[in-house]
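A short write-up of the structure that comes next.
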Amino acid sequence: MRRILMLSALLMALFTASAQEFDTHFDDTTLRIDYTFSGNATAQYVALNALSKSEGWWGRRINLATNPLKGNGDLTLYDKQSGEVLYTTSFSSLFQEWITTPEAVSVTRSFEFTILAPMPKHSVDAEIVLRNNRGEATAIMRHTIEPNDRLIHDYSKAEALPYEYVHRGGSSKECIDVVILAEGYTPEQMETYIEDARITAEEILSYEPFNTHRDKFNFIAVYSPSKDSGVSVPQNGLWCDTAVGSNFLTFYMERYLTSSNVYKMYDLVRNIPCEHLVILANTDTYGGGGIYNSYTLTTAHHPAFRPVVVHEFGHSFAGLGDEYFYANSDSNDEMHSLSHEPWEQNITTLVDFGSKWADMVAEGVEIPTAVTSERTANYTVGVYEGGGYRTKGVYRPTDVCRMRNNTAEQFCPVCQRCIERVILHQAE
Ligand SMILES: [Zn+2]
């Protein structure tokens with residue numbers, strides 16, 4: 001009994017310490033930083049586009065100075081006077097995928113990118129870094145943010161779009177707030193959208209470890225109607241007027257549905273508690289994508305909607321890599337360099353396997369691990385060759401997983417551990 005009391009006193013002290021730390025350096029206000037990432041295959045740049053603020057800070061108030069995952073880039077806020085790290089967050093971006101495409105060899109383009117951070121009380125230096133697939137910084141930009149800068153656009157009085165909770169685990173200050181946006185649903189189709197949003201929350205929360213931590217999540221469906229029903233399909237010559245202007249054929253890949261209108265997405269969630277974005281597209285065509293700490297965009301009326309939305313959320317929430325691979329794709333060395341350990345926690349090149357799931361491989365399981373029907377059925381953790389779009393040189397933790405096949409019934413134990421680490425980093 002006494003031990004329990006002491007432990008709870010210690011936990012209280014820890015909680016109070018971090019809450020105080022937050023209150024010392026930050027206001028209960030969201031600072032939105034809009035950047036543009038520009039460049040091509042050989043050179044990349046970051047530029048500041050705009051700063052704005054809105055009421056309330058809905059992100060983490062603990063673990064402010066650490067990231068659970070490296071990502072393909074990060075933003076860090078340094079105290080201007082002491083140089084202390086006050087806040088950091090990591091991410092990946094559509095721009096960094098684009099620079100690996102053939103188009104980036106001959107064209108220079110720019111992409112929108114938005115980061116939400118707590119509003120600092122004093123001057124900070126913001127440093128944003130982009131990294132390539134070998135972990136090397138390819139673009140660094142530093143700028144000072146003065147909290148009393150009169151050109152930080154104040155949207156705290158702006159009216160939020162109507163929204164409703166389709167799952168409520170608790171208060172937005174403590175929970176992880178996942179915001180769902182409607183894409184390609186007309187005002188008359190909002191009932192269908194809410195039903196799709198409900199399925200999204202239910203489906204994600206039915207998987208471990210989300211299920212165990214369901215009380216740490218809120219899922220908020222925003223009524224973001226579109227003029228047209230459906231989304232743009234350029235390969236069919238079809239362009240629609242929709243809430244976030246998404247389209248298939250991203251990077252000329254037929255099934256790749258994304259939106260480059262990132263500022264628009266954040267306009268739609270203004271003054272709504274938002275930490276993660278899931279955009280549901282009103283179409284029955286298969287497609288979608290998920291980008292770590294950026295957004296998930298997926299199609300809501302394809303028969304594989306349920307497993308796909310969970311898969312894409314695995315990317316956008318926990319930065320999980322794809323465990324699938326295609327034959328004849330090994331000429332593409334752009335996504336994963338075989339001489340470098342990728343940061344995604346569920347794939348390895350064995351360059352630094354100790355930093356991955358070596359501690360989860362049981363004795364007697366050989367490396368690389370041979371696929372057997374028993375191992376597949378039991379989700380036996382090993383080192384199975386094939387993953388990250390490559391048949392050779394990249395390895396996955398189990399034969400099947402939600403990050404590999406739509407038929408898998410769960411995330412593999414390695415993906416589950418990664419997801420849980422991210423959950424606990426945001427909401428202990
Ligand atoms: Zn997995």
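When the range 230-261 is filtered for residues that are surrounded by 22 or more Cβ atoms within 10 Å (Cβ to Cβ), out of contact with any helix residue (DSSP H, G or I) (no Cβ under 6 Å at 6 or more places or on another chain) and not small (Gly, Ala, Ser), the ones remaining, listed by number, are Val231, Thr242, Phe248, Thr250, Leu257. Val310 falls short of the stated requirement of being out of contact with any Leu (no Cβ under 6 Å at 6 or more places or on another chain), part of a loop (DSSP other than H, G, I, E, B) and either closer than 30 Å to Thr29 by Cα or at pLDDT 95 or above (or both). With respect to the conditions (1) away from the ligand (no atom under 16 Å from the Cβ); (2) surrounded by fewer than 16 Cβ atoms within 10 Å (Cβ to Cβ), Ala358 lacks only one, and its number is (1). Selection of the range 371-393 for residues being within 13 Å of the ligand (Cβ to nearest atom) and closer than 22 Å to His315 by Cβ yields Tyr379, Val381, Val383, Tyr384, Gly386, Gly387, Gly388.
The residues of the range 404-417 that are part of a helix (DSSP H, G or I) and either buried (at least 23 other Cβ atoms within 10 Å of the Cβ) or near the ligand (Cβ under 7 Å from one of its atoms) (or both), listed by number, are Val414, Cys415.
Of all residues in the range 362-374, count the ones that are part of a helix (DSSP H, G or I) and over 16 Å from Thr407 (Cβ atoms). So the count comes out to 1. Being touching a helix residue (DSSP H, G or I) at 6+ places or on another chain (Cβ under 6 Å) and of a type in the set (S, T, N, Q) is the filter here, so list the residues in the range 21-67 that pass it. Passing the criteria: Asn40, Asn63. Checked against (1) part of a loop (DSSP other than H, G, I, E, B); (2) under 30 Å from Val105 (Cβ atoms), Gly290 meets all criteria but (1).
One residue stands out in the range 380-392 among those that are in contact with a strand residue (DSSP E or B) (Cβ under 9 Å, 6 or more places away or on another chain) and buried (at least 20 other Cβ atoms within 10 Å of the Cβ): the one that is nearest to Tyr326 (Cα to Cα), namely Arg390. Report whether or not Ile272 is away from the ligand (no atom under 16 Å from the Cβ), of a type in the set (A, V, I, L, M), surrounded by fewer than 24 Cβ atoms within 10 Å (Cβ to Cβ) and modelled with pLDDT of 95 or more. It is true that Ile272 is away from the ligand (no atom under 16 Å from the Cβ), of a type in the set (A, V, I, L, M), surrounded by fewer than 24 Cβ atoms within 10 Å (Cβ to Cβ) and modelled with pLDDT of 95 or more. For the range 173-219, filtered to residues that are in contact with a Gly (Cβ under 7 Å, 6 or more places away or on another chain) and farther than 29 Å from Val231 by Cα, the residue that is surrounded by the most Cβ atoms within 10 Å (Cβ to Cβ) is Cys175. In the condition set (1) in contact with an Asp or Glu (Cβ under 6 Å, 6 or more places away or on another chain); (2) under 22 Å from Pro307 (Cα atoms), Asp241 is compliant with all but (2).
A count restricted to the range 1-59 and to residues that are more than 27 Å from His276 (Cβ to Cβ), over 24 Å from the mean Cα position of the chain (by Cα) and modelled with pLDDT of 95 or more stands at 2.
This table checks each residue for (1) under 16 Å from Asp284 (Cα atoms); (2) out of contact with any Lys or Arg (no Cβ under 8 Å at 6 or more places or on another chain).
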{"position": "Gln189", "(1), (2)": "yes, yes"}
{"position": "Glu195", "(1), (2)": "yes, yes"}
{"position": "Glu203", "(1), (2)": "no, no"}
{"position": "Phe210", "(1), (2)": "no, yes"}
{"position": "Lys227", "(1), (2)": "no, yes"}
{"position": "Ser232", "(1), (2)": "yes, yes"}
{"position": "Gln235", "(1), (2)": "yes, yes"}
{"position": "Gly245", "(1), (2)": "no, no"}
{"position": "Tyr252", "(1), (2)": "no, yes"}
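The values are calculated or read from the model by the stated rules, or taken from the named source; none is laboratory data. Remember, predicted model here, so these are calculated numbers, not experimental data. Please note: Cβ atoms are built from the backbone with ideal geometry, for glycine as well, and neighbour counts cover all protein chains shown.
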